[in-house]
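Trainee: Right, I'll just put the structure down here and ask away after.
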């Protein structure tokens, strides 16, 4: 009886290891479906789409039509499509519909995650993972630098393709975040005459804030290669610069998904520059609004959301010098930079709004 139990445990452990070895197959199957335009094809069909019609709509070689059913089968299992009218006799008449996840992959969806998928699964960003163990044995700053000989930011600065993917990915996320901010937490921005969005990219969030608060002077502040040629409006302008050197004086600062890219020392430097910018007018009413993850220590270790936060933490380790932080780590950063107090509001899914005050 004991050996039977041991065998069952071994087989279960083997299955667990296989699942983790092969988990990249989920990512690559999804990338394939997006590259083929499958979510958009099903969406444009306008009703549940039979497999035979899907195959006829795809630009694939006639000898490969038999493989689409298998591709769709794993993506149904992963929750990206669902199936109706399935009969064992005729798999070609299975009909596919989108799920919430595949709706977020439609090209025309303003919140589309397709650019994020293209950026994260590009070989430029996947190759560094092969060097993770070697990196741990040497003094290279990040696996990305070990692989490419320069930082992620320098690479994006000279590779228009990666820069485009990255800016598009950040913009699509920013559209979703700004919608939630304006709908659910508009009061965070009330009462300020000016706001600087530090590392604001192409300005998606700032545009939403500027149109909701027409009397507020808004500035998108980012590296010169990011903001060059971008057009402002009545109460929005673009300024190129470096947040480690100086940030334009302002009442409020927004740091959306910025601090997780940097190590503790770099974050304290950024926050000190923020403090200088919001107290430079001699007032202490300003604040810094951070949008980032706060890793929950209480959440069930096996939960999907904690796993996603840990994925992001590892991503920051591989691509940049950053990390995801729990509340204790955030408190240390905030106080080290000379701020007096903060509030955390968890209203952005896996991320929170952290408001810090001088």
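Trainee: Place the peptides 9-20, 43-54 in order of packing, highest mean first, counting for every residue the other Cβ atoms within 10 Å and averaging per peptide.
Mentor: The densest-packed peptide leads the list: 43-54, 9-20.
Trainee: Once you have the alpha carbon radius of gyration of the stretch 199-281, what is it after dividing by 2.2 N^0.38 Å, with N set to its residue count?
Mentor: This ratio for the stretch 199-281 stands at 1.07.
Trainee: May I ask you to derive the relative contact order of the chain, considering only C-alpha pairs under 8 Å and at least 6 residues apart, and to give it as an integer percent?
Mentor: 11
Trainee: Continuing with the same structure: If every alpha-carbon in the chain counts as one equal scatterer, what log10 I(q)/I(0) does Debye give at q = 0.10, 0.12 1/Å?
Mentor: -0.74, -1.01
Trainee: Can I ask one more? Tell me, in nm to one decimal, what length is gained between residue 311 and residue 31 on full extension, where the rule is 0.36 nm per residue of separation less the Cα-Cα distance?
Mentor: The residue 311-residue 31 span can extend by a further 99.0 nm.
Trainee: If you don't mind, there's one more thing I want to ask. Just from its helices, what would the mean residue ellipticity at 222 nm be for the chain, if runs of 4 or more DSSP H residues each count -39500 (n - 2.57) and the sum is divided by every residue, rounded to the nearest 500 deg cm²/dmol?
Mentor: Calculated mean residue ellipticity at 222 nm is -14000 deg cm²/dmol.
Trainee: Follow-up. Comparing 273, 237, 184, which has the greatest mean-square fluctuation in the GNM of the chain with Cα pairs linked when under 10 Å apart?
Mentor: Fluctuation is largest for 184.
Trainee: Could you check the simple spin-label distance between residue 74 and residue 61, using points 7 Å along Cα→Cβ, in nm with one decimal?
Mentor: That separation, rounded to one decimal, is 1.9 nm.
Trainee: Hey, fewest Cβ within 10 Å first, where do 310, 236 land in order?
Mentor: If I rank by nearby Cβ atoms, fewest first, I get 310, 236.
Trainee: Could you tell me the convex hull volume per residue, in Å³, taken over the Cα atoms of the stretch 1-133?
Mentor: Taking the convex hull of the Cα positions in the stretch 1-133, it is 177 Å³ per residue.
Trainee: Sort out for me the Cα centre separation of the stretch 248-264 from the stretch 28-46, rounded to whole Å.
Mentor: 36
Trainee: Ordered by packing density, taken as the mean number of other Cβ atoms within 10 Å over each peptide's residues, highest first, how do 342-355, 191-204 rank?
Mentor: 191-204, 342-355
Every number here is computed from the coordinates shown, using simple stated rules; none is lab data. Note that the coordinates shown come from a computational prediction; the quantities given were computed from them, not determined experimentally. Positions of Cβ are generated from backbone atoms using ideal geometry, with glycine treated the same way; all protein chains shown enter the neighbour counts.
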